[in-house]
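Working notes, structure below.
What follows is calculated from the coordinates using simple rules that are stated; it is not laboratory data. Owing to the predicted nature of the structure, the values given are computational and were not obtained by experimental measurement. Using ideal geometry, Cβ is built from the backbone for each residue, glycine included, and neighbour counts are taken over all protein chains shown.
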Amino acid sequence: MEITNYSKDHILILTVKGRLDAVSAPGLTESLRALVERGQCFLVLDFHDLEYISSAGIRVLYQSQGRVEEGKGKMVICGANETVKRVFEMVDLSTDIPVLRDIEAAVETFRSQP
């Protein structure tokens, strides 16, 4: 798994590439934990290059969402392929974390916040 990031409109966008599974999940956990500890609580996870997500990856997303909410922030996911979206649907992830089509839609959700 490879993680890169950049800012757009004061929102941090993390692009996750490869597989998010039991082997790679700790890396994403640590990256997200460090960001939240530094006060970066407005995050977009861009999954357009994510090939696979396991239950360990799903766990990372739920745990990270909790940390982001504690920091009064927001985390959204965008760009997931059909395989990854099916996993999200099985666990009803979008009930807790918005899952959107692309970065533009994700960034727009931050603009529409009160």
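Details
- Global geometry of region 16-58, whether rounded, prolate or oblate, following the gyration tensor of its Cα atoms and the 1.5 cut on a/c: oblate
- Shape annotation for region 65-112: C-alpha extents along the principal axes are 30, 23, 12 Å, from largest to smallest.
- Working from the Cα coordinates of the chain, the gyration tensor eigenvalues give, after taking √(5λ), semi-axes of 19, 16, 13 Å in decreasing order.
- The simple Förster model, with R0 at 22 Å and r as the Cβ-Cβ distance, assigns S94 and E30 a FRET efficiency of 0.30.
- Residues within the reach of a label modelled at D9 (point 7 angstrom out along Cα to beta-carbon, backbone nitrogen below 20 Å), restricted to region 80-101, are 80, 97-101.
- The alpha-carbon of K85 sits under 15 angstrom from the alpha-carbons of these aspartates and glutamates, leaving out residues fewer than 8 places away in its chain: D46, D49, E51, D96, D102.
- Residue among L45, M90, G79 farthest towards the positive dipole end of the chain, charges placed on Cβ: L45
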